Amino acid sequence: MERLENIGDRIRDDFETRNGVRDNVLHRTRELIRLCGNAIRASHRDEWEEAEALLSDADRLAGSILEVLEPYPDLRHAGYTRDAMKELVEAHTTLALVQGVDVPGPEELNVTYPSYLNGICEAASELRRRSLDEMRRGDLNEAERLLGIMDDVYDVVNTFDFPNAITGGLRHRVDQLRGVLERTRGDLTSSLRQDQLIQALQEFEERVGES
């Protein structure tokens, strides 16, 4: 029994350490998600310097999280860690797509493939807000460019027909993106038709004035 008690003490010590690491990481992942969300919001306001600064802070925090979790691969793949890394991917991808620069890959961001795919899927959905803003500003060409990007992302993520246990629930997000795409396409089509109608009326008024 003495040997069994020693084994129990050793396991208890390990659990206590893991629990401490888990609590620490939970706090950090919440902060990481906040930084990523603020970076995306700053990009929607065209505050690019602030967005990049927030994203740099998020990168450093993500790196520290992964360093702490290196001895604990089970915690590295826990749901709260995956979700935080997904948010990091979403922020990086959103900023890159809006600015028209190369999107970083999963190796560059040091994230798992499921986190990466789910992140770029949510980034594409996030572009709807930007596209609507461009429609309100009257820049339909930019809105159309963003819709094209959303289409391209959808075409990529829609090819991953694997169980949710492998993709981290990607199918649900792909289905959501399809709905976002359809609504955005409808909004842009209405805006384009309205713009064409206004132009036609202006041309008609000019012809009437000339006559």
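The values are calculated or read from the model by the stated rules, or taken from the named source; none is laboratory data. What you are looking at is a predicted structure, and each value in this text was computed from that prediction instead of being measured. Cβ coordinates were reconstructed from backbone atoms using ideal geometry, including for glycine residues, and neighbour counts include every protein chain displayed. Ligands, DNA and RNA are stripped out before the accessible areas are found, and what is left, the full protein with its side chains, is counted by its heavy atoms. Shrake-Rupley method; radii C 1.70, N 1.55, O 1.52, S 1.80 Å.
Rounded to the nearest 0.05, what FRET efficiency do D161 and E49 give with R0 = 45 Å and r taken as the Cβ-Cβ distance? Could you check?
The formula returns an efficiency of 0.65 here.
To the nearest 10 square angstrom, how much accessible area does H77 have with a 1.4 angstrom probe?
H77 exposes around 100 Å² with every protein chain in place.
Show me, for the range 47-59, the HN-Hα J-couplings you get by feeding each phi into the Karplus relation (A = 6.51, B = -1.76, C = 1.60, θ = phi - 60°), rounded to Hz, glycine and proline as x.
With coefficients 6.51, -1.76 and 1.60, one gets 8, 5, 5, 5, 4, 5, 5, 5, 5, 5, 4, 5, 4 Hz.
Any chance you could give the angle, 0 to 90 degrees and rounded to 10, that helix 113-137 forms with the longest Cα principal axis of the chain?
Helix 113-137 sits roughly 30 degrees off the main axis of the chain.
Taking every eigenvalue of the Cα gyration tensor of the range 1-81, multiplying by 5 and rooting it, what semi-axes result, largest first, whole Å?
39, 9, 8
Given 0.36 nm per residue, what is the gain on full extension from I11 to R41 after removing their alpha carbon distance, in nm?
On the way: separation 30, 0.36 × 30 = 10.80 nm, distance 4.45 nm.
Length gained between I11 and R41: 6.3 nm.
Separation of the range 146-190 and the range 18-36 by C-alpha centroid, Å?
29
Just in the range 1-76: which trypsin sites (Lys or Arg not before Pro) are loop by DSSP and have at most 12 other Cβ atoms within 10 Å?
In loop regions of the range 1-76 (DSSP not H, G, I, E or B), the sparsely surrounded trypsin sites (Lys or Arg not before Pro) are R45.
For n ≥ 4 DSSP H runs only, could you compute -39500 (n - 2.57) per run for the chain, divide by its residues and tell me the 222 nm figure to the nearest 500?
Values: 9 runs with 182 residues, N = 211.
That calculation yields -29500 deg cm²/dmol at 222 nm.
Please provide three numbers in whole Å: the alpha-carbon extents of the chain along the principal axes, with the largest listed first.
107, 37, 22
How far is helix 170-210 tilted off the main Cα axis of the chain, in degrees rounded to 10, range 0 to 90?
Result, in degrees: 20.
Leaving ligands and nucleic acids out of the surface, order M85, M135 by accessible area at 1.4 Å, largest first.
M135, M85
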